[in-house]
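Just so it is clear, none of the values below were taken in a lab; they were calculated from the coordinates. All values reported here derive from a predicted model rather than from experimental measurement. Positions of Cβ are backbone-derived with ideal geometry, glycine not excepted, and every protein chain shown enters the neighbour counts.
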Amino acid sequence: MEVVEIQPWLFQIEPLQGESLSHFLGRFRQANDLTPTGLGKATKLGGAIARWEKFRFNPLPSRQQLKALAKVVGVDVDRLVEMLPPVGAGMKIEPIRLCAACYTESLCHKIEWQLKVTQGCASHKLSLLSECPNCGARFKIPALWINGHCQRCFLTFADMAKSQKTV
């Protein structure tokens with residue numbers, strides 16, 4: 001009798017336009033009920049997944065690492081590269097920043113919001129938020145965003161858009 005190794009199947013998630021790798025990994029993990037450790041084991045990347053979810057890209061993921069991730073998440077390597085900061089661009093690891101107006105249009109964290117050169121939202125001409133305008137809680141890493149609201153007071157990101165100032 002032949003023993004066949006059963007391969008686990010995973011729900012595939014389509015990346016959103018401009019989405020950060022942190023947010024994408026969080027959505028993928030949520031859809032597949034995985035922890036960062038579980039995804040790290042599946043990709044054989046270990047703790048790199050948890051680092052990337054926190055925007056710790058020093059060093060940037062190698063092509064080989066992205067290929068291992070792409071194999072598991074079912075997304076092309078070049079598409080994963082688009083979710084990373086451009087080569088040479090400075091990142092603001094903290095605080096996590098948000099354009100609530102953008103988020104209501106496309107339910108994802110945009111990588112451009114974490115770039116040091118980004119002063120505000122270019123499309124809405126609004127300042128970026130780094131904390132909930134209602135309770136003052138800093139935003140969690142995008143990988144942990146579940147329903148688009150503050151983790152402390154549950155004010156929705158859509159309602160936060162009213163608090164954004166014009167730049």
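Which FRET efficiency value, to the nearest 0.05, is calculated for residue 152 and residue 35 with the Förster distance at 25 angstrom and r the Cβ-Cβ distance?
Taking R0 as 25 Å, the efficiency between residue 152 and residue 35 is 0.65.
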Order the peptides 60-68, 14-22 from the highest to the lowest mean number of other Cβ atoms within 10 Å of their residues.
14-22, 60-68
Answer with one residue from 108, 166, 48: the one whose Cα lies farthest towards the positive end of the charge dipole of the chain, charges on Cβ with Lys, Arg +1 and Asp, Glu -1.
166
Going down the table (54/116; 67/140; 41/140; 116/162; 71/92), which pairs top 19 Å between alpha carbons?
67/140; 41/140; 116/162; 71/92
Inter-label distance, nm, simple model (7 Å from Cα along the C-beta direction), residue 76/residue 60
1.8
Treating the range 1-78 as a set of equal point scatterers at the Cα positions, no solvent, please give the Debye-formula log₁₀ I(q)/I(0) at q = 0.22, 0.26 Å⁻¹.
-1.06, -1.51
Name every cysteine in the chain that ends up alone, with no second cysteine's Cβ under 4.7 Å, or say none.
108
Evaluate the charge dipole of the range 18-101 about its Cα centre and quote only its size in Debye, nearest 20, assuming +1 on the Cβ of each Lys and Arg and -1 on the Cβ of each Asp and Glu.
240
If I model a spin label as a point 7 Å beyond the Cα along the Cα-Cβ vector, how far apart are those points for residue 17 and residue 105 in nm?
0.8
Would you kindly calculate the translational diffusion coefficient of the chain, applying Stokes-Einstein with the Kirkwood radius from alpha carbon pairs, for 10 °C and a viscosity of 1.306 mPa s, and quote it in µm² s⁻¹ without decimals?
95
